[in-house]
Each structure stands twice: as C-alpha cells, then as structure tokens.
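Structure first, then comments.
Rule-based calculations on the coordinates, nothing more; no lab input. Fair warning: this is a prediction, and the values are worked out from it, not measured in the lab. Cβ placement follows ideal geometry from the backbone for every residue including glycine, while neighbour counts extend to all protein chains displayed.
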Number of protein chains: 2
Amino acid sequence: MDKPPFPTPDDAERAFYEAFTRGDLDALMAVWAEDEETVCVHPGGSRFTGLAAIRESWKQLFETGMKFIVRTSHPVKNHAMLMAVHSVLQHITVEGDDTIAPPLITTNIYIRGAQGWQMLVHHTSPSPDTDGLLLQDSPRTVH
Amino acid sequence: MDKPPFPTPDDAERAFYEAFTRGDLDALMAVWAEDEETVCVHPGGSRFTGLAAIRESWKQLFETGMKFIVRTSHPVKNHAMLMAVHSVLQHITVEGDDTIAPPLITTNIYIRGAQGWQMLVHHTSPSPDTDGLLLQDSPRTVH
C-alpha cells in the first residue's frame, strides 16, 4: 500500500482527524504504523490490538453512515526522538444532530519509522460532562 | 526529593503499581517525571496535567481510606530509546469488597531522563463488562 509520508507527529495527527471527519477508512488506516503493538481504544469500548482488528473497528463505525465532525483542543505534547505523545480533548459532533456531547479525552502516540511518523496508539475515553472540571491545572502546548 | 532510580520502564511500572496498592502517595509520585507535560486520567474522570494537580488527585483517592489491590495483565509494550508505552488491563479490587469489577484499560507512557525511566502519562478508562469482547485480536507482549 502506498503510504503518504508524515514528516512530523502533527502531520500524522492532522491526517488522522481529516480522515476521521471524511469517514475515509483507507486514509485513516494509512496513518497507523505497521506494527504488531498498535492499540486502539474507542470511548468506553474494548481494546483492539493489531491493524486488522483496528481497521475492522473503524469500518464498523463508518458503516453506521454517521458523518462525524471531529476537532481537537488543549493539546499537551511531548516529542522524543522516535516516539511522540499528544494528549488532546476530542470534540465530536454528528452531522444532523444538534447535541453538544462532552469532549472525549484522547492519548495519541506516534512512532517514527521509514515512512515518517505514524500512529501507534489511539486511546479515547469518556469524560465527565462538567464545565471547569474537565481540565485541571493549566493545560499547555509545548512543541 | 530523593528519587529512586528506575533503570527500565518495567521497573517504573512495578514501583507505580506497588505504591498504588500500598496507598503510598510519596512513592507513587516519585515514579512520575518532573515534566510539565505529565498527564493523568482516572477512569471516567477529568484530565489532570502537571505534578501538583496529579498529586492532589491521588491524594484524594488515597484519603478515601479504601485499600486497593491492583494488578495488571495482557501488556502490549513498545519501547523506543527515550520513550516507552505500555498498554495494560488494570484489575482493581477494593479490600473488604467482594465485587469483581471489570478490568480497566490503561495506557502508561514512560520517558527516560537523568533519573532513569519515569512516568509521563497514565490514562485509565472504563471498559465494557463483557467477557471475550474486551480483548480483540491477540494481545501480545514484546520487550
């Protein structure tokens, strides 16, 4: 499979959320590292390991036909030479649904390989729906 | 503060869960990296960033007086030179309570610094209480 290069963790993250918003399974899976230790946890869901199981989980999500609008905020980033972690709040709205859901809390981990940076872990979990409680201390972005 | 050295991510993880089980706040905090990008998410809870907020969250947990017995299973590990990720299932029982709670899903991230390996991120989230659904594909341990 021809994979697009992601020169930085931010490029990989941007491609991931763009593919998520477009419901583009191939583009979303192209962000993932071809690594046996890939892990994906959907909010409140099971832990999927390995690309086949991860792909199937996203396929099922996209096959619901729901169109998601996904954005992230409040990143806390730490980049090492070969691995990077982005903690973000993930805001998802479903097209045609006016409900404002509370943001999710997401840990994204990227590794650097021959194809540049790719996703190793995507762990998203529900958060309490409480203004002012979701973020403790001052979140910060450091590149 | 005198910090014990953790020569490997596994040493840091062992110290973390031993301190958690003992309810030893100082020992637990000694595992964390002195880094502004530290992130801690308790199951279903808010995102805490920075050591002061993280310490306070554990202090409140331990001050409930509950004694936890914590163990982990099904690790999926990926170690880079300066950063390591452990995805584990976290099994917590409360002393005196016979309830078997479903395991939690945890992403632990460690970074290597002058003090050896220390914790950067601890993200734990609830999972569905369903046998056979919690683990998809075959989890594996690779060192």
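Taken along the Cα-to-beta-carbon direction at a fixed 7 Å, the label points for A:Glu34 and B:Ala27 span 4.5 nm.
Please rank A:Thr8, B:Thr38, fewest neighbouring Cβ atoms within 10 Å first, as an exposure proxy.
Least crowded to most crowded, the residues run A:Thr8, B:Thr38.
With the simple model of a label 7 Å out from the Cα in the direction of the Cβ, B:Glu56 to B:Ala101 spans 2.3 nm. Lys-Lys pairs in the protein assembly as shown that are eight or more residues apart or on separate chains and whose Cα atoms lie under 29 Å of each other come to 17.
With the Cα gyration tensor of chain B giving a ≥ b ≥ c as the square roots of its eigenvalues, does the rule (a/c under 1.5 for rounded; else a/b larger than b/c for prolate; else oblate) give rounded, prolate or oblate? Judged from the Cα gyration tensor, chain B comes out oblate (a/c at least 1.5, b/c at or above a/b). Each copy carries a label point for A:Glu18 at 7 Å from Cα along the beta-carbon vector; from one copy to the others these points are 4.8 nm apart, nearest first.
Neighbour counting of Cβ atoms within 10 Å sorts the residues B:Met66, A:Met119, B:Met81, fewest neighbours leading, into B:Met81, B:Met66, A:Met119. If R0 is taken as 35 Å, the Cβ-Cβ distance between B:Ser73 and A:Thr8 corresponds to a FRET efficiency of 0.50. Label-to-label distances for B:Val94 across copies, nearest first, come out at 3.3 nm, using points 7 Å from Cα in the beta-carbon direction. Shown here for region B:44-122: GluC sites (Glu not before Pro) in loop regions (DSSP other than H, G, I, E, B) with at most 11 other Cβ atoms within 10 Å, namely B:Glu63, B:Glu95. Within chain A, antiparallel bridges make up roughly 85 percent of the DSSP beta bridges whose residues both belong there. Of the residues B:Leu51, B:Gly23, B:Gln118, the one whose Cα sits farthest toward the positive end of the charge dipole of region B:9-125, with +1 on the Cβ of Lys and Arg and -1 on the Cβ of Asp and Glu, is B:Gln118.
With label points defined 7 Å past Cα in the direction of Cβ, position A:Glu34 shows copy-to-copy spacings of 4.4 nm, given to one decimal and shortest first. Rounded to the nearest 5, the antiparallel percentage of DSSP beta bridges internal to the protein assembly as shown is 80%.
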